[in-house]
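Inspection log for the structure reproduced underneath, given as structure tokens.
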Amino acid sequence: MKKSTIWYLTIIMVLTFIGLIYVQFLYMSSMVRMRNDQFDENVSRSLYAVSVMLEQQEAKHFLEENLAAVEDFTTVKTAGSGEGVALKFTTQTGITGNLTLEGSQSQISDIKSNNQAVRLGNPASAPSSKLHGQYLYKRGLLDEVILKIMSQSASRPISLRADSTMVRSLLHGELANNGIDIPFDFAVTNRYHNIVYRTNGFPLSSAKMLRENPDVYSMALFPSDPANRINYLTVYFPTKRNYIFSSISFMWPSMAFTFIMLLIFIYAIMMAFKQKKINEMKTDFINNMTHELKTPISSISLAGQMLADPAVRKSDIMMKHVTDVINDDTKRLRFLVETVLQMSLYYEQQQVLNLSDVDANKAISAIAHTFKLKVEKYGGKLTTNLDARNSRVEVDDMHFTNVIFNLLDNAVKYRRKDVAMALSITTSNPAPGRLRIVIADNGIGIRRDDLTKIFDKFYRVSTGNRHDVKGFGLGLAYVKKMVGDFRGEITVDSELGSGTRFTITLPLLTNENSDE
């Protein structure tokens, strides 16, 4: 798949995910707004109902306080017709009195049965006068009560007119009837929104904060009172937001799944680019490997043809030269084959380490003695300072040798042409139980941007216009893996044009204390 195609698919999928998340966000916002409006409406309805019931409670209070009991009519004997009715009454000021109406018992019964209108002072309707008098009296009392409510109620303390226990009970019942069953606190405030009294959980805030807080609701109490005596019932819901968002909790899993899908998609795209890069590197590796194999094969083939010449066989010098060519190219082929095997083992993760007790100083000394000739061939110098007092480590001898050889070979490959090559190997004990191996050179160095990538598979540092550096980008990846398998660490310090310094730290076989 082309890189541009991958990018097109990536852009389309990203836009699709953004659109999906945006639609989900809009839906959640709409749900929250709708639930909030519904909550506001239910609270306002509940507060209005509480306000009405408090007014009714106050009216009932005045009625119970001011209405006096009126005794029933009784039939009595009178001087004129001999019959009549007597009414005993008590005014609200405590004055008692008697009222006698004359009339026969039959007249009273006839008027009752015919349901005639009551007319006070009409002798023909004497029995109905009883009902009429009672009606007028009670209506007068009601009028007095209403006038008293209108004139005296507003002057009563609001704590008596709206008792906190009664308000809480009414609020709880009305909110429950409207489907709101969450904790609340309330306060009664004056027209300046200063708190008259409050429950313990009600926030102590300024008037402005109370007005601007979306979790606080207010309703006027006794709205018929004079404007300068208006009080407000203010209710605060501390868990309102949780209540609102709990109604859309089913959307959170959907959002989470969408984000998980987005992360998986991003990971898949990253892996696609990485795989494409690895495929390109593999192609370069095969091309380089083919080129590298051609050279030693051609040399060995040419040397074989020379050995078939009798004149060459008679010359000791020519024989030695041909033999050296065959040996060198055979080693070169063996190294190339070993590199391929390393790559195969690296991918399959099937290499079996034969760990053993190895003296790192002795092993490095032997490697340096063999590699010294190659360094001197290019006019360089290899020095060793094996100062580690304790250098026994548990490693695979063959792989340990390959690690040191790879680092030394890289130093030769990336040497500078304008100065004599200087290569050094040192060992020390930086801490108890640790061995440090440092391989430093004065080569071309590594750019800062490449330092984080040199241990990646198939990665090769750019050498500009130089084409004499052969390799496959596996050496340092192999080195890092082997050092990790030895339970060690490897770091690199380099500056372009000043050389490179590789530091390997390995655990010692024993925990003996060593000095650097």
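Based on alpha-carbon atoms only, what is the radius of gyration of segment 274-329 relative to the globular estimate 2.2 N^0.38 Å?
Values: Rg = 17.6 Å, N = 56, 2.2 N^0.38 = 10.2 Å.
Here the answer is 1.74, to two decimals.
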Enumerate the amide H contacts of L508 below 5 Å, restricted to partners 5 or more residues apart or on another chain; note that Pro and chain-start residues carry no placed amide H.
R434, L435
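Hey, could you grab the Kirkwood Rh for segment 352-507? Inverse mean 1/r over distinct alpha carbon pairs, Å, one decimal. Walk me through the numbers on the way to the answer.
Numbers: mean 1/r = 0.0629 Å⁻¹.
This gives a value of 15.9 Å.
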Which semi-axis lengths, in whole Å and largest first, follow from the square roots of five times the eigenvalues of the Cα gyration tensor of segment 406-457?
23, 17, 9
Listed by chain and number, the residues whose amide H is under 5 Å from that of R389, excluding neighbours fewer than 5 places away on the same chain and using placed H, are N429, D515
Between K417 and R313, what is 0.36 nm times their sequence separation minus the Cα-Cα distance? Round to one decimal in nm.
33.6 nm
Using Cα pairs closer than 8 Å and at least 6 residues apart in sequence, work out the relative contact order for segment 352-507, in percent.
23
For the pairs K294/K320; K277/K453; K3/K480; K2/K453; K362/K480, note any where the Cα-Cα span goes beyond 18 Å.
K294/K320; K3/K480; K2/K453; K362/K480
When the Karplus curve 6.51 cos²θ - 1.76 cosθ + 1.60 is applied with θ = phi - 60°, which whole-Hz ³J(HN,Hα) does each residue of segment 40-51 get, with x for Gly and Pro?
4, 5, 5, 5, 4, 5, 5, 5, 4, 5, 5, 4
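Rounded to the nearest 0.05, what FRET efficiency is calculated for S254 and A220 with R0 set to 60 Å and r the Cβ-Cβ distance? Working shown, then result.
On the way: r = 43 Å, r/R0 = 0.72.
The computed FRET efficiency comes out at 0.90.
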Tabulate in residue order the Karplus-calculated ³J(HN,Hα) for segment 265-276, using 6.51 cos²θ - 1.76 cosθ + 1.60 with θ = phi - 60°, rounded to whole Hz; enter x for Gly and Pro.
5, 4, 5, 5, 5, 4, 5, 5, 5, 5, 5, 5
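Quick one: plug the Kirkwood hydrodynamic radius of segment 224-263 (C-alpha pairs) into Stokes-Einstein at 20 °C, 1.002 mPa s, and report D in µm²/s.
My calculation gives 152 µm²/s for D.
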Under 5 Å between amide H atoms, partner at least 5 residues away or on a different chain: which partners does V395 have, H built in plane at 1.01 Å?
S356, V358
Globularity index of segment 194-314, i.e. its alpha-carbon radius of gyration over 2.2 N^0.38 Å
3.10
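Read-outs throughout are calculated quantities, based only on the coordinates presented, and are distinct from any laboratory measurement. None of the values given here were measured: they were computed from a predicted structure. No Cβ is skipped: glycine too gets one built from the backbone with ideal geometry, and neighbour counts run over all protein chains shown.
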